[in-house]
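Enquirer: Could you have a look at this structure, given as structure tokens, before my questions?
Where a number appears in this text, it was derived from the coordinates with a stated rule and is not lab data. Since this is a predicted model, take the numbers as computed values, not measurements. In this analysis, Cβ positions are derived from the backbone assuming ideal geometry, glycine residues included, and neighbour counts consider all displayed protein chains.
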Amino acid sequence: MRTIVKYEIEKIRQNKTFMGALIVSAFVLAGILFIGFHYSQVNTKQGEGLKLYHQVVEKSTGEFTDQNVREILADYIDRYQSIDVNNRTFDMFSYEIADTFFPKDEDIYLKMNTAMEQGEKMTIDQINPKTIKEIGFAQFETPLKIGSYVTWYDLFKVTGQLFILTSIVTILICSLVFSSDTSRNMNQLLLSTRFGRNKLTIAKIMAVTLISAFLFLLIQVISLVAFYVYNSGFTGWDTSIQTNFSLELFRFPDEINHLQVFLIAEALQFIGLLSIVGITLYVSSITRSPFSALTIALGLFLLPKAFTQLIKRGIIYKLLNLFPINNYRIEDFLSLMSNKQEFMLHSFVQNIVLTMVVLVVMKIVLDGAVYLRMKRYQVT
């Protein structure tokens, strides 16, 4: 069996379509990482923005308390008023916190600019920011932690985009597996061999699953290396997800940090990718050309997203949210799976487990269906 699997992997690797897909994917991957990290809102003014960001983060990291928020905002308005507008570096970290805590009924920036024109300075006492309780942050036995969050939000966005890239490449590879043999009339030869109707089919399923898994892991490792360089390490891994002001999930009901969210997202995406492999292999086994298999598989991949734009409530809507295209974005699966109206069960953990189980079962059932179909395939 190992020999047959190696042979199938090598056959896929030597396929010109596969090689072309890898080359194109490498350019797309570079573009996603370059735009997601190098051209982020933090990394402005030839790196000055990123430098300022890390300085502010180092000073601000700690327990999320009203006092800490007040100090962050005090430093922010002081820095804002101390630097000329032409030399001012955008402070994304403090800006989003200010956007949350500054009063909404007055323009604080206009007041600061007016004070600067008059040679004066506003202080935090003149602003009266909101409190954590007034905003409505989730409360737990231990205080939430604030720290680096903008860079992790960028990582979350990049991770979602890379999943789409990996899924499309996977669909392209899987669509070739059985339909390619059918289009070349190879089934009569292959299925008449000793292992053609059992071991060969299993080997094909295993080979394409291993290749897809390897591509997913490779792309994620490259992304993490790029993030490590961009973020100067993994600073902010233990920051509470509720204090990620870019996500605005202030009331998220579970105590969880950035690293835990990332690992859950990776597990969900990986299992989602396996289900995509299962769907595409089945489509490939029932179609007569790679183009038809690719078109149908891409349609099935995207269709649940289109349906959720038409169906906004009810059991069908909740079932559609189980599909990878509707929960690949980290902010989406966090908000969807923590809301009973959007998902099946009452808690975030229950919904995550349910989704993973459904996707694994889908993969197993579809692989079984492919095996049985090829075993009973009637050569014409």
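Enquirer: Using each residue's phi in segment 313-318, evaluate 6.51 cos²θ - 1.76 cosθ + 1.60 at θ = phi - 60° and report the 3J(HN,Hα) Karplus result to the nearest Hz, with x for Gly and Pro.
Expert: The phi angles translate into 8, x, 5, 5, 4, 5 Hz.
Enquirer: On to the next question. Mind giving me the FRET efficiency for residue 291 and residue 312? R0 is 25 Å, r the Cβ-Cβ distance, nearest 0.05 is fine.
Expert: Between residue 291 and residue 312 the formula returns 0.15.
Enquirer: In sequence order, what are the phi-derived ³J(HN,Hα) couplings for segment 276-285 according to the Karplus relation 6.51 cos²θ - 1.76 cosθ + 1.60 with θ = phi - 60°, rounded to whole Hz, with x for glycine and proline?
Expert: 5, 4, x, 5, 5, 4, 5, 4, 4, 6
Enquirer: While we're looking at this one, here's another question. Where Lys and Arg each count +1 and Asp and Glu each count -1, what net charge lies around residue 134 among other residues with Cβ under 14 Å from its Cβ?
Expert: Here the charged neighbours net out to +3.
Enquirer: Further question: Given a Förster distance of 45 angstrom, what is the FRET efficiency for residue 17 paired with residue 121, based on the Cβ-Cβ distance and rounded to 0.05?
Expert: 0.10
Enquirer: While we're here: Applying a 10 Å radius around every beta-carbon, put 16-25, 305-314 in order of their mean neighbour count, most first.
Expert: Packing proxy ranking, top to bottom: 16-25, 305-314.
Enquirer: Computed FRET efficiency, Cβ-Cβ of residue 364 and residue 38, R0 25 Å: what is it to the nearest 0.05?
Expert: Working from the Cβ atoms, E equals 0.05.
Enquirer: Over the chain, what relative contact order in percent results from Cα pairs under 8 Å that are six or more residues apart?
Expert: Answer for the chain is 20 percent.
Enquirer: Please work out how much length the chain gains when fully extended from residue 354 to residue 85, using 0.36 nm per residue of separation minus the C-alpha to C-alpha distance, in nm with one decimal.
Expert: 91.7 nm
Enquirer: Could you sort the peptides 28-41, 143-156 by per-residue average Cβ neighbour count (10 Å cutoff), highest mean leading?
Expert: In decreasing order of mean packing, 28-41, 143-156 become 143-156, 28-41.
Enquirer: Further question on the same structure: If you look for lysine pairs in segment 11-170 that are eight or more places apart or on different chains, how many of them have Cα atoms under 24 Å apart?
Expert: Here the count comes out as 18.
Enquirer: How would you order 81-89, 331-339, 240-248, 125-133 from highest to lowest mean count of nearby Cβ atoms within 10 Å?
Expert: By packing density, highest mean first, the sequence is 240-248, 331-339, 125-133, 81-89.
Enquirer: Please give, to one decimal in nm, the separation of the simple spin-label points placed at residue 237 and residue 24, each 7 Å out from Cα toward the Cβ.
Expert: The two pseudo-label positions are separated by 3.6 nm.
Enquirer: Report the local net charge at residue 91: Lys and Arg +1, Asp and Glu -1, summed over other residues whose C-beta lies under 12 Å from its C-beta.
Expert: In short, 0.
Enquirer: Ordered by residue, what ³J(HN,Hα) values in Hz, to whole numbers, does segment 119-126 give under the Karplus form 6.51 cos²θ - 1.76 cosθ + 1.60, where θ = phi - 60° and Gly and Pro are x?
Expert: With the stated coefficients, segment 119-126 comes to x, 10, 9, 7, 10, 4, 5, 7 Hz.
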